[in-house]
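Please read the structure below before turning to the comments.
The values are calculated or read from the model by the stated rules, or taken from the named source; none is laboratory data. Predicted model only: the values in this text are computed from it and were never measured. Please note: Cβ atoms are built from the backbone with ideal geometry, for glycine as well, and neighbour counts cover all protein chains shown.
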Amino acid sequence: MIRLLAAVTGQILTTFARFITAARADWRGIEPVRKQRIYFANHTSNADMPLIWTVLPPALRRETRPVAAADYWLKSKLRAFAGRDVFKAVLIDRRAEHRTEDPIAKIVEALDEGSSIIIFPEGGRNMTDDPLLPFKAGIFNIATRRPDVDLVPTWVDNISNIMPKGEVIPVPLACTVIFGAPVHLKKDEAMEPFLTRCSDALGALNPAQSGARG
Amino acid sequence: MTQTSADLIMLFAGVVGLLFLATIAGEILRVRDADGSPVVDTFVTRVHSWWAMVAILALALISGRVAIVVLFAFASFAALREFMTLTQKTRADHWAMVASFYVVLPVQYILIWWGQEGLFTSFIPVYAFLLLPILSMLRGAGASFLSRISETQWALMICVFCASHVPALLVLDIDGYGARNVLLIAFLVLVVQLGDLMEYFAGRRFGRTRVAETISRKTWEGVGCGLAFAVLVGALLAWITPFGVFWSGVYAGIAFLVGVGGALVLAAIKQDRGVQNWGHLIPGQGGFVDQLDSVFFAAPVFFYMTRYFWV
């Protein structure tokens with residue numbers, strides 16, 4: 001019953017997201033095929049994750065779990081339903097002092113079950129004017145544990161105009177999710193250069209950076 | 001069956017015949033051209049899109065006023081979404097944009113459905129024009145204020161005001177034409193789109209002199225052929241209009257020329273914003289604005305020409 005309800009809610013959500021944003025995937029560096037991946041994306045709005053989820057073809061979507069903050073997604077019954085049942089999120093606790101389990105271990109466990117995952121390596125929403133915040137160590141720790149899985153840079157474009165922070169009504173604007181070429185942790189690569197490399201790979205997908213405003 | 005439905009079905013049969021020819025031509029090209037050149041691929045995709053567009057428009061025209069108004073309201077919505085994606089905006093414009101999509105657009109189409117000509121011709125050029133900048137100002141104005149409010153107004157004029165003048169043709173009470181106005185919509189869309197098509201093919205084949213060197217590949221030769229074809233189609237379709245053969249040709253020619261101007265203006269805007277297409281929703285064509293730019297420009301001109309000389 002819950003599963004049916006979750007499937008229906010998921011369908012309504014993707015339809016609504018398409019209506020507002022005409023969401024489109026731009027498969028620039030990878031093909032939309034069933035392969036285990038870690039999608040790492042920029043994070044400016046709460047709508048980022050549902051949007052990436054929307055543009056994934058259904059077969060891929062079923063096998064992809066977003067990593068999300070437990071303190072946000074477990075706040076109310078409705079959010080818990082959306083987070084746990086609709087998105088099947090891997091819920092982790094961002095607050096180190098409240099933690100009962102290691103978040104990286106939980107993510108690795110999801111990978112070992114065969115799921116692809118979506119992560120936001122900036123660690124929180126970017127409220128600044130900079131396109132990206134410095135990445136947290138999480139993506140490095142995941143890559144160290146499972147170095148063979150493709151790390152796919154995923155740029156969500158234009159979403160901050162659809163719903164600027166503090167606004168509640170989304171404006172319908174076209175929105176594109178751009179998937180870049182996968183990144184891998186090199187042998188003996190240190191954390192700092194790896195984080196910079198990931199961040200650059202993601203930033204390079206930003207259409208605003210290449211001059212043409214899209 | 002009424003005369004109008006019979007005429008619509010005749011017209012539809014003719015268009016379906018043309019589409020069959022285009023489909024067969026596409027398949028022949030595809031067989032001949034084994035390497036699969038992108039030009040042939042684009043042509044075949046476009047033909048598929050035309051089938052879908054003809055089917056949707058025909059269904060709406062047969063179903064009547066509500067369906068037609070709703071169809072164009074959705075086309076406006078998609079076009080406005082494409083346009084606003086490219087306009088300058090800051091947080092201060094959020095309310096103005098929310099109001100454009102969720103208030104101005106539906107109200108304009110409700111006024112059209114209601115048939116209040118005095119209201120739907122002034123609502124966007126007067127009321128939206130004055131009220132939306134007030135909203136942006138209340139949210140803190142900011143840099144490039146004049147450019148931003150102008151771009152929002154432009155988006156509304158093209159994508160909502162102009163586009164809504166296609167279904168607005170239903171409102172006109174033309175002497176001796178009865179309730180056949182739905183045929184005027186078919187007439188306008190057909191002469192403009194067929195003229196565009198001829199302009200495209202003739203331009204690719206014998207075009208030499210560019211109309212606007214830096215903006216578009218359109219040529220004077222192509223536009224000339226398109227104009228001749230639009231006038232011919234217009235004259236041949238005189239039986240569905242109240243204008244008579246001569247004036248049908250003239251009206252078709254004017255609508256086509258205004259449409260070409262519109263397509264060029266919107267191409268210049270695309271160039272200014274550094275994009276190839278307005279969107280991606282119509283396979284092979286780009287966005288709604290790419291497909292309908294000429295119809296959007298031609299619609300108000302055609303509407304007022306008919307309104308002042310035939311009502």
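The table below gives the values:
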{"item": "B:Phe77 being buried (at least 19 other Cβ atoms within 10 Å of the Cβ), within 14 Å of chain A (Cβ to nearest Cβ), within 19 Å of the chain's Cα centre (by Cα) and of a type in the set (Phe, Trp, Tyr)", "result": "yes"}
{"item": "Which numbered condition A:Ile169 misses (of (1) part of a loop (DSSP other than H, G, I, E, B); (2) among the hydrophobic types (A, V, I, L, M, F, W, C); (3) within 18 Å of the chain's Cα centre (by Cα))", "result": "(3)"}
{"item": "Qualifying residues in region B:167-215 (those that are surrounded by 19 or more Cβ atoms within 10 Å (Cβ to Cβ) and among the small types (Gly, Ala, Ser)) - the one nearest to B:Gly14 (Cα to Cα)", "result": "B:Ala186"}
{"item": "Identity of the residue in region A:124-173, among the charged types (D, E, K, R) and out of contact with any helix residue (DSSP H, G or I) (no Cβ under 9 Å at 6 or more places or on another chain), that ends up surrounded by the most Cβ atoms within 10 Å (Cβ to Cβ)", "result": "A:Asp157"}
{"item": "Those residues of region A:61-107 which are under 27 Å from A:Met1 (Cβ atoms) and touching an Asp or Glu at 6+ places or on another chain (Cβ under 6 Å), in sequence order", "result": "A:Ala70"}
{"item": "Counted residues, region A:117-137 - those being at pLDDT 90 or above and either of a type in the set (Phe, Trp, Tyr) or within 14 Å of A:Ala68 (Cα to Cα) (or both)", "result": "7"}
{"item": "Helices (runs of 4 or more DSSP H) contained in region A:1-85 and holding at least 2 residues surrounded by fewer than 17 Cβ atoms within 10 Å (Cβ to Cβ) and among the polar types (S, T, N, Q)", "result": "A:2-21"}
{"item": "Enumerated helices (runs of 4 or more DSSP H) restricted to region B:128-228, each holding at least 3 residues that are touching a residue at least 24 places away in the same chain (Cβ under 8 Å) and touching a Phe, Trp or Tyr at 6+ places or on another chain (Cβ under 6 Å)", "result": "B:182-206"}
{"item": "Top-ranked residue in region B:280-292 [being in a helix (DSSP H, G or I) and touching a residue at least 60 places away in the same chain (Cβ under 8 Å); ranked as nearest to A:Arg18 (Cα to Cα)]", "result": "B:Phe288"}
{"item": "Sole residue being within 14 Å of chain A (Cβ to nearest Cβ), more than 17 Å from B:Ala79 (Cβ to Cβ) and not hydroxyl-bearing (Ser, Thr, Tyr), chosen from B:Gly274, B:Gly253, B:Gly222, B:Gly249", "result": "B:Gly274"}
